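Have a look at the structure below, then the notes.
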Amino acid sequence: MATIKTAEIEQFVQMVDSNYAGNLAHPELAAAYYPLSLSFETEVNQEIDPFSEEYFQQ
């Protein structure tokens, strides 16, 4: 399974556009990247009130 960081999404889209004419179903792309997992850099503390100021400051 390929993992892409959220900060790398723009590069991934540019690569798909230039190498595969934007075709996300291209067999070579599917073999290399699917299933695809996104890695989020921001950790969210889900223990605090989601409507609090502390939550939005994370």
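Which of the residues spanning the range 7-21 are closer than 18 Å to T42 by Cβ and among the aliphatic types (A, V, I, L, M)?
A7, I9, listed by residue number.
Hey, can you tell me all the residues within the range 26-41 that are part of a loop (DSSP other than H, G, I, E, B) and without any contact (Cβ under 8 Å) to a residue 24 or more places away in the chain?
Result: H26, single match.
Could you check the range 28-55 and list, in sequence order, the residues that are under 23 Å from F12 (Cβ atoms) and either open to solvent by 100 Å² or more (accessible area, probe 1.4 Å) or of a type outside the set (A, V, I, L, M) (or both)?
Passing the criteria: E28, Y33, Y34, P35, S37, S39, F40, E41, T42, E43.
Any residue in the range 7-24 that is within 16 Å of S39 (Cβ to Cβ) sitting within a Cβ distance under 7 Å of a residue that is outside any helix (DSSP H, G or I) and open to solvent by 70 Å² or more (accessible area, probe 1.4 Å)? List the pairs, counting only those 6 or more apart or interchain.
Pairs found: A7/E41.
For the range 1-25, name all the residues that are open to solvent by 50 Å² or more (accessible area, probe 1.4 Å) and part of a loop (DSSP other than H, G, I, E, B).
M1, A21, N23, L24, A25
The values are calculated or read from the model by the stated rules, or taken from the named source; none is laboratory data. Keep in mind that this is a model prediction, so the values were computed, not measured. Don't worry about glycine lacking a Cβ; one is built from the backbone with ideal geometry, like all the others, and counts go over all protein chains shown. Just the protein is used for accessible areas: all its heavy atoms, side chains included, with ligands, DNA and RNA removed. Shrake-Rupley method; radii C 1.70, N 1.55, O 1.52, S 1.80 Å.
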